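Structure first, then comments.
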Amino acid sequence: MTKLFNKAKAFVHTCYQELGMEDKIEERLAVIKQEIEATDFYEHTFIELEHGAKMAWRNANKCIGRLFWQTLTVRDARLCTDEEGIFDELRTHLRLATNGGKIKPMMTFFAPRKQGKEPVRVLNHQLVRYAGYEEEGTRIIGDPASLALTKLCESLGWQGEQSAFDVLPLVIKLPGGRVKWRDLPKNEVLRVPIRHPDTDKLDNLQLEWYAVPAITDMMVEIGGIEYPTVPFNGWYMGTEIGARNFADEKRYDLLPQVAKALDLDKTKTSSLWKDKALVELNRAVLYSFQQKGVSIVDHHTAAEQFKQFEKREKASGRPLTGTWSWLIPPMSPAATHIFHQNYQDELLSPNFHYQERLFQENGCLK
Ligand code: ARG
């Protein structure tokens with residue numbers, strides 16, 4: 001009880017001060033205190049939820065895109081607990097966030113964790129992600145990061161097309177434990193075919209990526225209240241796709257194929273074929289998103305924006321926290337100021353947290 005109230009108190013003080021509502025603090029804390037005494041829980045007002053969400057983004061140490069924390073659109077689906085309504089809310093989030101390509105940073109709150117009441121959970125890692133299939137032997141089709149969830153989906157009766165870019169269905173666990181899935185309507189998932197700006201040599205790879213990165217498996221904590229289901233998104237930084245999703249050996253592992261398509265000299269590492277392939281692949285990602293009118297940022301611009309954020313935080317007297325190894329871009333990191341700086345990796349509240357996955361590697365529910 002006192003523990004929760006102390007967290008609530010710290011949050012309400014900062015939140016109300018930042019919003020110029022200092023005169024309301026004592027009154028609000030009295031109500032919260034009563035509510036916690038009676039129920040061991042307190043309900044956030046929408047204003048608290050909205051500003052708490054923005055603070056969580058501002059405190060997200062791993063995020064290079066935090067300059068825009070105040071532009072977050074917050075949606076309230078806390079009272080939505082039925083199957084149909086939940087799928088509807090998830091779809092609506094994706095549609096509104098996609099916004100025809102002009103992506104809006106967005107967060108939708110479902111019910112918080114309450115004693116004795118298990119809230120809804122989304123089992124997907126992101127609203128949109130591609131399936132991964134293990135073929136005979138060791139060959140993998142699609143995204144290896146999705147193998148476990150794909151197995152789970154198949155065990156629930158879903159069937160993919162076995163392509164490299166099958167969008168997985170949404171899978172939710174309802175209060176009470178029932179697991180349900182639903183396909184996203186194809187026309188509601190904005191996808192970008194990847195083309196290189198000055199060669200058609202990459203066309204045969206038939207690459208694509210989806211427009212909106214919307215994380216669905218993290219928990220957000222605000223003033224001691226935990227929200228285990230809170231899909232949130234920004235827009236992509238090009239390297240997330242071109243230098244990680246496409247390039248990591250444990251993901252699509254495309255550098256050898258890209259190098260081959262571009263006739264690079266793979267006989268010696270010192271030809272820097274991997275680096276050349278990376279640059280061209282990343283140029284293709286940025287170019288393709290721009291051509292299709294889908295929001296994306298290159299890592300140099302993102303680093304400049306982060307520099308602005310650092311300045312603003314300093315000016316407002318707040319401590320700047322960050323995780324260096326996550327903030328540096330995976331390409332040419334030393335060409336950004338971030339590489340040459342230290343960051344205090346302290347976890348402030350409100351914030352984002354990892355939480356236990358509800359299924360195992362073999363696709364079985366826990
Ligand atoms: N890195 C993840 C991906 O490639 C997305 C993480 C969130 N990224 C973002 N730009 N908001 O799918």
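The values are calculated or read from the model by the stated rules, or taken from the named source; none is laboratory data. The shown structure was predicted, so the numbers you read here are calculated from the model rather than taken from an experiment. Neighbour counts are summed over all protein chains in view; Cβ atoms, including those assigned to glycine, are modelled from backbone coordinates with ideal geometry. Areas reflect the complete protein model, heavy atoms only, side chains present, ligands, DNA and RNA absent. Shrake-Rupley method; radii C 1.70, N 1.55, O 1.52, S 1.80 Å.
Exposed loop sites here are GluC sites (Glu not before Pro) assigned a DSSP state other than H, G, I, E or B and surrounded by at most 13 other beta carbons within 10 Å; excluding them, the longest clear run of the chain is 1-134.
The portion of the accessible surface of the chain made up by carbon and sulfur, rounded to a whole percent, is 50 (1.4 Å probe; DNA, RNA and ligands excluded). At q = 0.20 Å⁻¹, what log₁₀ I(q)/I(0) does a Debye calculation on the Cα points of the range 141-191 give, no solvent, two decimals? The calculated log intensity ratios at q = 0.20 Å⁻¹ are -0.75. Largest first, the three principal axis extents of the alpha carbons in the range 127-213 are 54, 34, 18 Å in whole numbers.
Note on the chain: Cα convex hull, mean projected area over all directions, 20.0 nm². Each residue of the range 148-163 was assigned a 3J(HN,Hα) from its phi angle through the Karplus curve 6.51 cos²θ - 1.76 cosθ + 1.60 (θ = phi - 60°); the sequence is 5, 5, 4, 4, 4, 4, 5, 5, 8, x, 6, 10, x, 8, 6, 8 Hz, with glycine and proline shown as x. A 1.4 Å probe run over the chain, with the rest of the protein chains in place, finds 49 Å² accessible per residue. Classified by the C-alpha gyration tensor, the range 216-366 has an oblate form. Its axis ratio a/c, with a ≥ b ≥ c, is 1.5 or above, and a/b does not exceed b/c.
In order along the range 207-224, the Karplus-derived 3J(HN,Hα) couplings, from 6.51 cos²θ - 1.76 cosθ + 1.60 at θ = phi - 60°, round to 8, 8, 9, 8, 7, 10, x, 10, 5, 10, 10, 9, 9, 10, 10, 10, x, x Hz, and Gly and Pro are given as x.
Could you calculate the contour length gain from ALA334 to GLN17, that is, 0.36 nm times the residue separation minus the distance between their Cα atoms, to one decimal place in nm? Provide the component values of the computation, followed by the final result.
Values: separation 317, 0.36 × 317 = 114.12 nm, distance 3.81 nm.
Result for the pair: 110.3 nm of gain on full extension.
Here's the list of lysines a cross-link from LYS180 could span, going by alpha-carbon distance under 16 Å and ignoring same-chain residues fewer than 8 apart: LYS151, LYS366.
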